[in-house]
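Asker: The structure's right below; bear with me while I get my questions together.
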Amino acid sequence: MDTNNVSVTEMEQFVARFATLHGSEEAFVDSRLPGHRRFKVNLVGMGVVEATDNPDLRPNIPLPAKGFNLGMIQAEKGNGAALHAHETEEVFMPLIGPWEVYWSTDDGEKSITLEPFDSISVPQGVYRGFRHVGEGKGTLLTIIGGPEAGRVDWHPDVTSAATDSGLVRDEAGDLRVSA
């Protein structure tokens, strides 16, 4: 492709149309836990998805992620991600509805509620979670640093509960259904 003369047709292959996005409800080990049901969409890059063999989780824009991974989460009220940490920073921006970002401290759980288009960058290593606190279905934009985003580090309480739900991670950190 001549990058100085990209046609509309060529550029169209790098567009993700909201109406036709693909994703999955089982991208992470906490996906079956009450309060953590959500739909994960990878826009650019795979991020920290654990269901790496799920074709619905392939990036909607087929560009390699260089320095970041861009995705979205959709969830009904009260649902989102369980406590987890990353090797990189993670940015959240609600697009639809308010979302609560919460994190673990020595003094207990703390939280901040973000309204649409507010943003937060959670430092690496902080056990954080998020949940939609508005009515109906909310949408959250997520950006994870990279280019190698690493794997999710789940809080020990989450991995124990996930095993009981039938989802586990193998030695490589990929999602598997337990026997």
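Bear in mind that the values in this text are calculations on the coordinates, not laboratory data. Keep in mind it's a predicted model, so treat the numbers as computed, not measured. Cβ sites come from the backbone with ideal geometry, for glycine too, and all protein chains shown count toward neighbours.
Asker: Hey, could you get me the Stokes-Einstein D for region 36-170, Kirkwood radius over alpha-carbon pairs, 25 °C and 0.890 mPa s, rounded to whole µm² s⁻¹? All intermediate terms of the calculation are to be shown ahead of the outcome.
Answerer: Details: Rh = 15.1 Å.
Estimated via Stokes-Einstein, D reaches 162 µm²/s.
Asker: Just to verify a number: FRET efficiency for E171 and Q124, C-beta to C-beta distance, R0 = 25 Å, to 0.05?
Answerer: 0.65
Asker: Moving on. For the chain, what is the relative contact order in percent, using Cα pairs closer than 8 Å and at least 6 residues apart in sequence?
Answerer: Working: 430 pairs, mean separation 44.9, N = 179.
Relative CO of the chain lands at 25 percent.
Asker: Please list, ordered by chain and number, the residues whose modelled amide H lies under 5 Å from the amide H of H36; skip anything fewer than 5 residues away on the same chain.
Answerer: G80
Asker: Within the chain, what is the number of lysine pairs with alpha carbons under 22 Å apart, leaving out pairs fewer than eight places apart on the same chain? Intermediate values should be presented prior to the final figure.
Answerer: Details: K40/K66; K40/K77; K40/K137; K77/K110; K77/K137.
Step by step, the pairs that qualify in the chain add up to 5.
Asker: What net charge is computed for the residues neighbouring E135, neighbours being all others with C-beta under 13 Å from the C-beta of E135, Lys and Arg scored +1, Asp and Glu -1? Walk me through the numbers on the way to the answer.
Answerer: On the way: positive: K77, K137; negative: E76.
So the environment of E135 carries a net charge of +1.
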